[in-house]
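The structure under discussion appears below in the form of structure tokens.
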Amino acid sequence: MGILRSELMKHGTLVLPIDRARHFIDLIGHKTKMQFEDMNSRELSRPYKKYVQRIDEMERILRFLLEELNRVPDAEVIKNNMDSFLDHSDDHKLDDVEARLKQMYKEFIQFKENNTTLTATRNAALEERYVVQTALASMANIRGPASSRAQANGGGDDFEFAATRSLLDDEEGGSRRLETMFSNTAGVIEQANQDRFARSLFRATRGNTFTHFQQIFEPMVDPKTGREVSKAVFVIYFQDNRMGGQTSAMSEKIQKICASYGVNTYRWPANREAAQEVLTSLQVQVEDQQRLLRAHESFVLSEASALLAPLRLGGNSIIEDWRLFCKKEKSIYATLNLFEGDMNLRANCWYPAAQEQQIQGLLSSTMSQTGQNSAVLISHRTPPRKSPPTYIRTNEFTAIFQELVDTYGLPNYGEANPALFTIVTFPFLFGVMYGDVGHGSMLLSVGLFAVWKAEDIKHTIPDLYYARYIVTMMGLFAVYVGFLYNDFFSIGFSFFTSRWVEAEGGRPGPGGIISYEPAPWFDTKNEGGVGPYPFGVDPAWHGAQNELIYMNSLKMKISVILGVSQMIVGLLLRFANAIHNNSPVDLFFECVPMMLFMVCFFGFMDYMILYKWVTPMPNPPSIINSLIAMAMWGEDSNPMLGAELPRILMAVSMLAVPFMLIPKPLIRLWQHNKEVAARSSRGHGGMGGGSGRHAPVIDEEACPLGLEEDEGEQFEFGELVIHQVIETIEYVLGTVSHTASYLRLWALSLAHQQLSTVFFGMTLLSGMTAPFPLNVLSLYFCFMIWFGITLAILLGMDVLECFLHVLRLHWVEFQSKFYKAEGHAFEPYCHRTLLVKEE
């Protein structure tokens, strides 16, 4: 049917031979659109569960491989080539891909273990090297001053040197006993844990230890996580007077604390010579481990390149093709789980009526090519009780507008789709609020750039890619309405000759005000002479003292005209729905009185506005006073179209209300009683006479749509009356409130114009009016300020504000006139849709 109404849907049963069921589902997902119903929802039988579990395991391996590839430097997975994969997806077989994945999984597990071992060995050598370097620095600080001082003193100051020496050094074995009194434990800890580690040591030893930390500026790679961590060398000094191989309680306690924090401890060198020897050997060990790691990384990269290389020109990487293949295969077997049967699989399905011949031809062509049993699609003659799904075809242009409508609610099956009108009315009403040639051109430039670079931003900025057409149209209509408002960054154009000239030769009047009057050649009485300004607002109004009063009046009336026009279009769509549903009750006792109420009051108001604009009158009447007199049934002192016409129209508006309220419930009650009487008479006729014939059995699934209400819900006249009362009150009051709601078009347009004027006057105009030497520099900075404010407020906040207000006008004011939005979407099995959604 196109975009106005959903596609005509048909219900049927698809029968598949069990040995080729997977092939047919793959074919259907690639070339047609069919939505399957779950035939096993009650029994919860899933015959293809094992296949799904196998693919789940394959997807787990793929996630592991992708994580490992992300750690490999310069490894880039080629993706986003969906067409190439779908064209060659049959090249992959489930068993082959599964075997390759398991093999690659074992290899990468071994790679990971080897890398962990090599990294841990390298880290241990590095950590011990830093510990030895810290020991050398500590020994140099302690022993260096004493030895240098002894050499400097020579024999001249023997007494002073001897007086500063330790008393224990003079005794035999004093130095050895001093060393046995103190001990230390050295190691490496993460910098994030060193404060907690120091506090734990202090509390556990009651302050009898001293801990020194030395930061390691080179980050190290954690062999388990692969992340870089910062570490520090620690040395714990404590008193230990045990001799031999015995350990003190203090030492055991320190070792337990180190073990609880998982730190690595290393031997502290006894002297500088030993430390230097250990440092040399560690340096060689670190270099060897670095070479081993580089060789291992090169080997892993060469192995990973097989997974990263594309299978074909313009295709994805192998691992990306495998990932998409697993997604597709999983969806195939998940769909087969919806089927029932042993020898043949069968499932009920929905499909577009326009594609029935295509589906039948596809299934039959497969049988002719292979010579084997083919699938069969059996179309049901009577539709099921459940309402068909809603399927509306979209393309790249209409998809975003349909999404705006579907966010509010999906159309019922066969219901008029607001998206057809939203394509035009949404950007147009946005332009009415945002009308400015300059700002609209900037927004239009963004949209045109997105359309031009669509393929480049498709995966980098997907939101802009999806909204590129609506942004372009919003900018286009903003420019168009900006020309109507004659507004370019708050400056007016003079494309044509103004119809206003300076009065009294341009001499200023009281207060220095220059007055304007209509040009002598301007036909103000509409008698066939030169008319008003050809397009848009006359530039003479820009900068006028009464500009705001004039523009307010103009935009307010335009807003009301546009609002009433859009609501009338909504009522016309209600007429179309009633005719499409073959419901004369809704047509004559809802649509007709609603339209009469709308046209006779609000339509008459719009007519008076337009009549007053095009008809010169010496004493123009006030439209507000005329409407008040019309509504209050009063006397209009200055009627525009006579005194009788407003009263007649008001009487028709008032009579339309009871026609909306009373007839429909009574007619529904009469129809229900008539149907009940006919059903009871059929029942008595079937039981009497003893003919021996049985009453026909009604298939619930094949029951027509019209019996759903009779079989499922009981008729409640009271609920129907309450519903009709609520709907009537809502419509009558809603027409008033919705008409007033359209004044937001005027309010936001006024706000945009005034903000633009203020920003221009406070920035650019201030720079222009500066003295000559200063205006060049000031204009440069003022332009930057003006451009920043324009981007942030008028192109950021104001665009979003206008967008939301236009969205509300469509959802509430327009769609409430006809739109039920109670449908459920047609969700066909389609490979492309499923894979794109996964992305």
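See the values below:
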| item | result |
| --- | --- |
| Residue that is farthest from the chain's Cα centre (by Cα) [pool: residues in segment 336-349 that are open to solvent by 10 Å² or more (accessible area, probe 1.4 Å) and on the phi < 0 side of the Ramachandran plot] | Met343 |
| Restricting segment 101-138 to residues that are charged (D, E, K, R) and in contact with a helix residue (DSSP H, G or I) (Cβ under 8 Å, 6 or more places away or on another chain), the residue that is nearest to Val221 (Cα to Cα) | Arg122 |
| Conditions (1) farther than 25 Å from Ala631 by Cβ; (2) surrounded by fewer than 17 Cβ atoms within 10 Å (Cβ to Cβ); number of the one not met by Met551 | (2) |
| Pairs with Cβ under 9 Å, 6+ apart, first in segment 75-104 and over 10 Å from Asp321 (Cα atoms), second of a type in the set (Ser, Thr, Tyr) and crowded, with 16+ Cβ neighbours inside 10 Å | Glu76/Ser317; Val77/Ser317; Leu94/Tyr51 |
| Residues satisfying the stated conditions in segment 254-306, i.e. buried (at least 16 other Cβ atoms within 10 Å of the Cβ), out of contact with any strand residue (DSSP E or B) (no Cβ under 8 Å at 6 or more places or on another chain) and either polar (S, T, N, Q) or free of Cβ contacts under 8 Å to residues at least 60 places away in the same chain (or both) | Gln285, Gln289 |
| Residue list for segment 198-231, filter: part of a loop (DSSP other than H, G, I, E, B), open to solvent by less than 40 Å² (accessible area, probe 1.4 Å) and over 18 Å from Tyr130 (Cα atoms) | Thr205, Gly207, Pro223 |
| Out of Pro518, Pro532, sole residue that is at pLDDT below 85 and either open to solvent by 30 Å² or more (accessible area, probe 1.4 Å) or in contact with a helix residue (DSSP H, G or I) (Cβ under 8 Å, 6 or more places away or on another chain) (or both) | Pro518 |
| Count of residues meeting criterion [open to solvent by less than 10 Å² (accessible area, probe 1.4 Å) and of a type in the set (Phe, Trp, Tyr)] in segment 420-439 | 3 |
| Elements of type helices (runs of 4 or more DSSP H) contained in segment 595-678, each with 1 or more residues being open to solvent by less than 50 Å² (accessible area, probe 1.4 Å), in contact with a helix residue (DSSP H, G or I) (Cβ under 6 Å, 6 or more places away or on another chain) and free of Cβ contacts under 8 Å to residues at least 24 places away in the same chain | 623-631 |
| Selection count, segment 87-109, where residues are at pLDDT below 90 and either in contact with a His (Cβ under 8 Å, 6 or more places away or on another chain) or open to solvent by 60 Å² or more (accessible area, probe 1.4 Å) (or both) | 5 |
| Filter result for Leu410 (of a type in the set (A, V, I, L, M, F, W, C), assigned to a loop (DSSP other than H, G, I, E, B) and either open to solvent by 10 Å² or more (accessible area, probe 1.4 Å) or in contact with a helix residue (DSSP H, G or I) (Cβ under 6 Å, 6 or more places away or on another chain) (or both)) | yes |
| When residues of segment 792-830 are limited to those that are acidic (Asp, Glu) and not in a loop (DSSP other than H, G, I, E, B), the one most open to solvent (accessible area, probe 1.4 Å) | Glu801 |
| Those residues of segment 459-505 which are open to solvent by 80 Å² or more (accessible area, probe 1.4 Å), farther than 26 Å from Phe449 by Cα and in a loop (DSSP other than H, G, I, E, B), in sequence order | Ser494, Phe495, Phe496, Thr497 |
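Matching residues to (1) among the acidic types (Asp, Glu); (2) under 17 Å from Glu329 (Cα atoms):
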site	(1), (2)
Met9	no, no
Leu65	no, no
Glu68	yes, no
Asp91	yes, yes
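Here's the yes/no breakdown for (1) at pLDDT below 90; (2) among the basic types (Lys, Arg); (3) surrounded by 16 or more Cβ atoms within 10 Å (Cβ to Cβ); (4) assigned to a loop (DSSP other than H, G, I, E, B):
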{"residue": "Leu14", "(1), (2), (3), (4)": "no, no, yes, no"}
{"residue": "Ala21", "(1), (2), (3), (4)": "no, no, yes, no"}
{"residue": "Arg42", "(1), (2), (3), (4)": "yes, yes, no, yes"}
{"residue": "Lys50", "(1), (2), (3), (4)": "no, yes, no, no"}
{"residue": "Gln53", "(1), (2), (3), (4)": "no, no, no, no"}
{"residue": "Leu62", "(1), (2), (3), (4)": "no, no, yes, no"}
{"residue": "Glu67", "(1), (2), (3), (4)": "yes, no, no, no"}
{"residue": "Ser84", "(1), (2), (3), (4)": "yes, no, yes, no"}
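The values are calculated or read from the model by the stated rules, or taken from the named source; none is laboratory data. Since we're looking at a predicted model, the values are computed, not measured. Positions of Cβ are backbone-derived with ideal geometry, glycine not excepted, and every protein chain shown enters the neighbour counts. Only protein heavy atoms, including side chains, enter the accessible area calculation; ligands, DNA and RNA are left aside. Shrake-Rupley method; radii C 1.70, N 1.55, O 1.52, S 1.80 Å.
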